Amino acid sequence: MDIKAEIISVIKQSLGEFTKERIEFLVEEPENESFGDYSSNIALALFSKSKIKNQKSKTQFKIQKLRSPPELAQEIIDKFIIHDSQFMIHFDRVEAVKPGFINFYLSQDYLFSQLTRILEEKEKFGSKSENPNKKVVVEYSSPNIAKPFTVGHLRSTIIGDAIANLLQANGWKVYRDNHLGDWGTQFGKQIYAIKTWGDENEINKVENPVRELVALYVKFHEEAERNPKLEEKAREWFKKLEDGDVEARRLWKKCVEWSLVEFKKIYEKLRVEFTENNGLGYGEAFFEDRMTGVIRELKEKKLLKKGERGAELVFFEKDKYPPLMILKQDGATLYATRDLATDKFRLDKYGKDIVIINEVGVEQALYFRQLFKVEKMLGWVKEGQRIHKRHGLYRFKDQKMSTRKGNTIWLEEVLQEAVKRAEKLGSENKEIAEEVGIGAIKWNDLKRTSEQDIVFDWDEILNMQGDSGPYLQYAFARTQSVLLKATSDKKKEASSKNKIKNEIGLARIMLARPLLARLETEEISLLRALNRFPEAVSQAGEKFAPNILCNYLFGLAQKFNLFYQKHKIIGSENQDFRLKLTAGVGQIIRTGLNLLGIAAPEKI
């Protein structure tokens, strides 16, 4: 049950007793837990609306007789006590407080029931059943073939993966696509460089062929600065590639093969997967023969016009955006041509109502506005069906990263350094060190608002303390250590008393209704926090914002660590309940980290 959504629904039903006007109001979780589990400003919003309405019109609200917002808050409470008494059993009390808020205090019975649900449903707690009417393509990562998988590609890869996970948890049917940059003018440059300065046999022998391709790509740009005619040579090779030239196609395929070997290694380390095209994703080249139909449709709908230099473009009404080029003067295609063909394919394959999300850098914002507008002009999509989820860039302190200038940091190097630093923290097991190091990198990114740029700093990106991935992983490992010790103690007890096998054990304790003395403040605080997990997952999915889930999990881990420090678990008067509470915290941290694409090792 989403109790917050239920509160909003009941309030809306009660509003009919007062006004038919639409009232904007909030239901929030107070930072100060003494103000309840939830608090609403509905009475203040309704009272303010009534004053404005009465000043502008002779029409009177039914609340005119009430003298203050607190009185109105109490009147609202009285209404939904009458109309929804079943709903009210979830609360110990609901009260009106100055200056007009309504505070909701969940009952211990309800909180216990949520804890039991967590332990019964495990990773399914907080997730919704798949809705066949909610389908979405999430396009993320999308590195360029024959270029390095740098730290700059990290953001799209892990943010997009987390968003896909969150949407799936919120009931969406998710298609995960990797739109590889395996087509375009850059391949004319790459092919020319290989033909002029490269050695295919040597490239085949080296451990990382992509590094050799990057070196050749950088050399091309160095030489082109001295001899601009090389740019024309590159365009000629790309035109050959588009026209099906045998040699151009052969070298292009080699570049793809060399690159995919490296990409596969990176994705496995990052725990990132794709569902489309057998896990490879549909690269730009897949749409080579699908662009003709899009160009024809643009012409039929009279959207494609010649520019002054012979290129063909789409112009926007009232020059809202700069014209979008679809074909170059020589007839070569561009990103826009291929992207239109890609989206046409998706709409045909998955259904006309499919939502398409592109997780791409903020610097592409204008381009995506142009692209989405063209798709609306074509009549393909409706408002809200195309979404550009933007992320800021990794930057050096004094300059942007640039592959063509050889000024970048390879992601492989970052991952290797992360593992080394994790090992220094005491993670002797190589696999665990990798999970901790990569967890640190992912958390450092996902905890932020994605639109922000990140200045690349080794100490910051691999932070192992405070609000970090390892902090969450350590908190989870601590819960598992406590439960393991409790299980071990139960087995020893059963053995010493010659009992039959300890079949009841911890599992039965987990699902039993605890008989408690007084709950400590930290225990109640943890119960309340656990109850809010489904809301955090829902909100993070709705806003495409993994940082919301990060904030929730960090807060939960802090509450558990405080509880662990202040109270004895094993051997305490409330041992059974505290073990159940510890198991619930561990389950939620594990589920939350998995949604973020971060491993939860049981030992660190």
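Here are the numbers:
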{"item": "Between 0 and 90°, nearest 10: helix 335-350 axis offset from the chain longest Cα axis", "result": "50"}
{"item": "Correct option for Rg and Dmax of the Cα atoms in Å [calculated from the coordinates] among (1) 37.4, 160; (2) 25.7, 82; (3) 29.2, 94", "result": "(3)"}
{"item": "Computed lengthening from S488 to E317, 0.36 nm per intervening residue step minus Cα-Cα distance", "result": "54.3 nm"}
{"item": "In sequence order, calculated HN-Hα J values of segment 529-544 (Karplus, 6.51, -1.76, 1.60; Hz; x Gly/Pro)", "result": "5, 4, 4, 8, 4, x, 5, 5, 5, 5, 5, 5, x, 4, 9, 6"}
{"item": "In nm, spacing of pseudo-spin labels at Q465 and E31 (7 Å Cα→C-beta vector)", "result": "2.5"}
{"item": "Nonlocal amide H pairs with N144, under 5 Å, H built at 1.01 Å", "result": "G181"}
{"item": "0 to 90° range, to nearest 10: angle between helix 186-197 axis and the chain longest Cα axis", "result": "50"}
{"item": "F345-N204 pseudo-label distance in nm [points 7 Å out on the Cα-to-Cβ vector]", "result": "2.9"}
{"item": "Note, ³J(HN,Hα) from phi for segment 577-582, Karplus 6.51, -1.76, 1.60, rounded to Hz, x at Gly and Pro", "result": "5, 5, 5, 4, 5, 5"}
{"item": "Extended-chain gain in nm, criterion 0.36 nm per residue less alpha-carbon gap, T521 and K382", "result": "45.0 nm"}
{"item": "Violating pairs (Cα-Cα greater than 22 angstrom) within the set K135/K265; K135/K344; K189/K302", "result": "K135/K265; K189/K302"}
{"item": "Separation in nanometres of the label points that stand 7 Å from Cα toward Cβ, at L366 and E417", "result": "3.3"}
{"item": "Additional length obtainable on full extension of the chain from R226 to E300, 0.36 nm per residue less Cα span", "result": "22.2 nm"}
{"item": "Distant-in-sequence amide H partners of G361 (H built 1.01 Å from N, under 5 Å)", "result": "H391"}
{"item": "Estimated [θ] at 222 nm from DSSP helical runs (n ≥ 4, -39500 (n - 2.57)) normalised by residues in the chain, nearest 500", "result": "-17500 deg cm²/dmol"}
{"item": "Residue among G439, A164, S129 farthest towards the positive dipole end of the chain, charges placed on Cβ", "result": "S129"}
{"item": "When each of K219/K240; K447/K559; K447/K568; K233/K253; K301/K352; K4/K122 is checked by Cα-Cα distance, pairs over 24 Å", "result": "K447/K568"}
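Quick note: the coordinates plus some simple rules give every number you see, no bench work behind them. Computed from a predicted structure; not experimentally measured. FYI the Cβ positions are ideal-geometry reconstructions off the backbone, even for glycines, and counts take in every protein chain you see.
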